[in-house]
Amino acid sequence: MPVRYMQAITERYQRLGYQPYRWLVADSAPPWQPLAKPLRETRLGLLSSSGAYALGQVAYHYRDDCSIREIPSATPDAELRFSHITENYLVDARRDPGCMMPLRALRKLASAGVIGSLADKVLSCMGGVYSQRRVRDEVAPAVLDAMRRQAVDAALLIAM
Amino acid sequence: MCHQTVSLVARHLEANGIPTLCLGSALDILEAGRPPRAMFVDYPLGHTAGKPFDEADQDGIVLAALRGLETFTRPGQLETLPNRWDDDGAWQRAAASSEGGDTRQARDETPQFQFPADRDAALASGALET
């Protein structure tokens, strides 16, 4: 049975004496934009919320870091790094970035013609931001700008 | 938290003309955040794109997620992949427990490099100023 994380985390924080966290509960239907062309012609963007960065870039900090990184999609796995406030979930991704930042798999799908192309730069953020307002006001617009600069037709978002 | 962030970003992209698919492994947070399209993989957090050193698993998950961009027809559609982490479900019981302490790192406001040498590389590239 799938883990009910919101309940488990709420109960844990209560037991530890923390203030309750107000989880996002969407109060409107999601927007909808159909795919404009077949996947095999689609230029794909990627966002991973795992706090990935490439060697030579600055790591994320752990206090609601709302910045993003633009990572060349040709970056070899050996040059991918991760910094995220829940480092306990990064043990495997730090050994094999494919767990959270599947550049190898996406390059393979692009060369096989399953997708039209992969954006030259893919994106990361540090998803452990507590302020939903700051995600809306800072992270989301920054990701939109970067996706537009990459002229993507669609985006895959990978949550940690 | 990450699933919440990704849901908010997906809704923003989609509202601005970019079709999205969210691949995630926290079903309840995806259900609450209601991104336009979501694919759930029932793996422990930190393995959303597949098992470590298992290229076939990673390739299959990423491809199945991307197919959702083409095949999903309903706003808010959420499907579950058939992949299983293991057969005994021990990880689910551990992850669902509210026992134990706070596993998060301190909310430090300085860059938290994975390796000390990464800081040197960021300084050398000019990305980080002394």
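The values are calculated or read from the model by the stated rules, or taken from the named source; none is laboratory data. Predicted model only: the values in this text are computed from it and were never measured. Glycine also receives a Cβ, built like all others from the backbone with ideal geometry; neighbour counts cover every protein chain displayed.
Assorted remarks:
- Taken together, B:Glu55, B:Glu79, B:Glu70 contain a single residue that is of a type outside the set (Phe, Trp, Tyr), free of Cβ contacts under 8 Å to residues at least 12 places away in the same chain and under 19 Å from A:Met160 (Cα atoms), which is B:Glu55.
- The set of residues from region A:1-17 being more than 7 Å from chain B (Cβ to nearest Cβ) and either surrounded by 12 or more Cβ atoms within 10 Å (Cβ to Cβ) or among the basic types (Lys, Arg) (or both) comprises A:Gln7, A:Ile9, A:Thr10, A:Tyr13, A:Gln14.
- Criterion violated by A:Tyr21 - all others in (1) farther than 23 Å from A:Lys108 by Cα; (2) crowded, with 17+ Cβ neighbours inside 10 Å; (3) in contact (Cβ under 8 Å) with a residue 24 or more places away in the chain satisfied: (2)
Per-residue answers, yes or no, for (1) more than 7 Å from chain A (Cβ to nearest Cβ); (2) within 19 Å of A:Leu46 (Cα to Cα); (3) part of a helix (DSSP H, G or I):
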| residue | (1), (2), (3) |
| --- | --- |
| B:Thr5 | no, yes, yes |
| B:Leu13 | no, yes, yes |
| B:Tyr43 | yes, no, no |
| B:Pro52 | no, no, no |
| B:Asp59 | no, yes, yes |
| B:Trp85 | yes, no, no |
| B:Arg104 | no, no, no |
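- Only a single item in (1) within 21 Å of B:Leu23 (Cβ to Cβ); (2) touching a residue at least 60 places away in the same chain (Cβ under 8 Å); (3) more than 9 Å from chain B (Cβ to nearest Cβ); (4) surrounded by 17 or more Cβ atoms within 10 Å (Cβ to Cβ) is not met by A:Arg40, and it is number (4).
- On inspection, B:Asp42 passes the criterion of being surrounded by fewer than 22 Cβ atoms within 10 Å (Cβ to Cβ), farther than 20 Å from A:Ala154 by Cβ, touching a strand residue (DSSP E or B) at 6+ places or on another chain (Cβ under 9 Å) and in contact (Cβ under 8 Å) with a residue 24 or more places away in the chain.
- Residue within region B:17-25 that is more than 7 Å from chain A (Cβ to nearest Cβ) and of a type outside the set (Asp, Glu) present: yes
- Of all residues in region A:67-77, exactly one satisfies the criterion of being within 22 Å of B:Ala106 (Cβ to Cβ) and buried (at least 19 other Cβ atoms within 10 Å of the Cβ), namely A:Arg69.
- Scan of region A:109-121 for residues that are of a type in the set (A, V, I, L, M) and touching a Lys or Arg at 6+ places or on another chain (Cβ under 9 Å), ordered by number: A:Val114, A:Ile115, A:Leu118, A:Ala119
- Just one of the listed residues (A:Ala52, A:Ala74) is in contact with a His (Cβ under 9 Å, 6 or more places away or on another chain) and more than 7 Å from chain B (Cβ to nearest Cβ), namely A:Ala52.
- Residue count, region B:61-83 (criterion: in a loop (DSSP other than H, G, I, E, B), more than 7 Å from every other protein chain (Cβ to nearest Cβ), in contact with a helix residue (DSSP H, G or I) (Cβ under 9 Å, 6 or more places away or on another chain) and within 20 Å of A:Leu47 (Cβ to Cβ)): 1
- Those helices (runs of 4 or more DSSP H) of region A:1-112 in which 3 or more residues are modelled with pLDDT under 95 and in contact with a helix residue (DSSP H, G or I) (Cβ under 7 Å, 6 or more places away or on another chain) occupy A:5-15.
- When region A:113-156 is filtered for residues that are among the small types (Gly, Ala, Ser), within 10 Å of chain B (Cβ to nearest Cβ) and assigned to a helix (DSSP H, G or I), the ones remaining, listed by number, are A:Ala140, A:Ala142.
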